[in-house]
Amino acid sequence: MKNIVIAAGYATRLYPLTENFPKPLLKIGGTSILGRLIDDVDQFPEIDEHIVVSNHKFAQHFTDWAATMQTRCPIRIIDDGTSTNETRLGAVRDLLLAISELEKDEDLLVMAADNILPFSLRGFIDAFIEKKTSMIMCHNEPSIKALQRTGVIRVDDEWRVLEMQEKPEVPCSHWAVPPFYIYKYTDMPLIRTCLEHGCGTDAPGNLAHFVADNSVLHAWQMPAARFDIGSLDSYQEAQRIFG
């Protein structure tokens, strides 16, 4: 299984810290935001490589960072060739770029590089092994305003995704979806054609929505809330909590 990390975004709300430095490599305690995720995932025997997709502006930062990491699995940096927010490919195109470089269809753990999880992704992998389908993570979100800014799913008693919405005005449930996914290798032919069928390119949830509409997708309930680093205030709060 490949661990594909989408790290290509431009974090304008964290300026000036991220004007010339990538948000995922900001320090939290003794490591970086991305380093925390990699340290957790690297111990799973199912994972055999970490692939980080970056824009061109920050690619060398990730290359230098990878050279300092002592990991069981190799780290590969992919430069998507873009240098501005206006020319960015979007998370879905960045993922398709990474998939195009794989030698064969494989199961993929896909995650955004700017989140801190106070729990291990081991349970997520175990749920995927049990269900044998593509998977997403979810958590109960009581705030309607928060649900209107994220992906939302409706599930059955077996946690199969029956419906997925992106930033809905009227949410179909209180199950919100953070940017962590596992795509089964059997869904790769479908995923490769997603753009031809109108899949959105910017938010990573667009691809999960496409898979939910065209294949079988299950959800795994997170045991604790994630911490999204989206502003200077949230970064300072993360340093206080996790530093």
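Every number here is computed from the coordinates shown, using simple stated rules; none is lab data. Worth saying up front: this structure is predicted, and the values here are computed from it rather than measured. Neighbour counts run over all protein chains shown; Cβ positions are idealised from the backbone, glycine included.
Cα centroid separation, segment 155-180 to segment 7-41: 28 Å. Computed over the chain, the per-residue total of -39500 (n - 2.57) for DSSP H runs of n ≥ 4 gives a 222 nm mean residue ellipticity of -8500 deg cm²/dmol, rounded to 500. Label-point separation (nm) for Asp126 and Ile241, each offset 7 Å from Cα along Cα-to-Cβ? Placing both labels 7 Å beyond Cα along the Cβ direction yields 2.3 nm. When +1 charges are put on Lys and Arg Cβ atoms and -1 charges on Asp and Glu Cβ atoms, the dipole computed for the chain relative to its Cα centre reaches about 460 debye.
Volume per residue, Å³, of the convex hull around the alpha-carbon atoms of segment 31-185? Kindly include the intermediate steps, with their values, before the conclusion.
Values: hull volume 21.0 nm³, N = 155.
Given the Cα convex hull of segment 31-185, per-residue volume reads 136 Å³.
Look at the dipole of segment 68-152 built from charges on Cβ: of Ala98, Asn85, Thr133, the Cα furthest out on the positive end belongs to Thr133.
By the Cβ rule of 4.7 Å, the chain holds the following cysteines without a possible disulfide partner: Cys73, Cys138, Cys172.
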